[in-house]
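Colleague: My questions all concern the structure below.
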Amino acid sequence: MNSPITAKLHPDLIVLDGFDDCIIGTAERFGADLFAVYDLNKILAKLESQGMTEDEAMDFFSHNMVGSYLGDRTPAFMNTFL
């Protein structure tokens, strides 16, 4: 999960392969390391642009992204509906 973005932000940051353009920043919380924050809507749009339907994109996201725990640096996903 190495990416050019990790060199800019933190060498141990966990990022999703092929989704650097969906990162909106980083966050931290008490007792945890810095982690990447993704724009959920950008991720879904990118999956749909790769040929998935809206439902397929949401299922893929739910099972393969938000459904994965990778330790304290597991990325977070923000719904930017505002």
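What follows draws every value from the coordinates through simple rules; no lab data is involved. All figures in this text were calculated on a predicted structure; none of them were measured in a lab. A quick note on method: Cβ atoms are made from the backbone with ideal geometry, for glycine too, and the neighbour counts reach across all protein chains shown.
Colleague: State the extension gain, in nm to one decimal, for the chain segment bounded by Ala45 and Arg29, taking 0.36 nm per residue of separation less the distance between their alpha-carbons.
Modeller: Between Ala45 and Arg29, full extension yields an extra 3.0 nm.
Colleague: Kindly put Asp39, Asp12, Asp20, Asp55 in sequence by how many other C-beta atoms sit within 10 Å of each C-beta, fewest to most.
Modeller: Ranking Asp39, Asp12, Asp20, Asp55 by Cβ neighbours within 10 Å, fewest first, gives Asp55, Asp12, Asp20, Asp39.
Colleague: Can you give the helix-only mean residue ellipticity at 222 nm for the chain, where every DSSP H stretch with n ≥ 4 adds -39500 (n - 2.57) and the sum goes over all residues, rounded to the nearest 500 deg cm²/dmol?
Modeller: Helix contribution divided over all residues of the chain: -9500 deg cm²/dmol.
Colleague: Continuing with the same structure: Once you've got the GNM for the chain with C-alpha springs shorter than 10 Å, pick whichever of Leu40, Leu70, Leu16 has the biggest mean-square fluctuation.
Modeller: Leu70
Colleague: Test of understanding: extend the Cα→C-beta vector of Met58 to 7 Å, then name every residue of the range 4-45 with backbone N under 16 Å from that spot.
Modeller: Zone members listed by number: 40-45.
Colleague: Charges on Cβ only, +1 for Lys and Arg, -1 for Asp and Glu, centred on the Cα centroid of the chain; of His10, Ile24, Leu70, which one is farthest towards the dipole's positive end?
Modeller: The Cα lying farthest towards the positive end belongs to His10.
Colleague: If you don't mind, another one. Among Phe30, Phe60, Phe19, determine the one that fluctuates most according to a GNM of the chain built with springs between C-alpha atoms less than 10 Å apart.
Modeller: Largest GNM mean-square fluctuation: Phe30.
Colleague: Let me ask something else. Just one of [x] 20.1, 68; [y] 12.0, 41; [z] 12.7, 39 is Rg and Dmax of the Cα atoms in Å as worked out from the coordinates here. Which one is it?
Modeller: Here Rg and Dmax of the Cα atoms in Å agrees with entry [z].
Colleague: Taking the Cα centre of the range 4-78 as the origin, how large is its charge dipole in debye, to the nearest 20, when only Lys and Arg (+1) and Asp and Glu (-1) carry charge on their Cβ atoms?
Modeller: In total the dipole reaches around 260 debye.
Colleague: While we're here: Using only Cα atoms, find the angle between the long axis of helix 54-64 and the longest principal axis of the chain, and express it within 0 to 90 degrees, rounded to the nearest 10.
Modeller: It is inclined by approximately 30 degrees.
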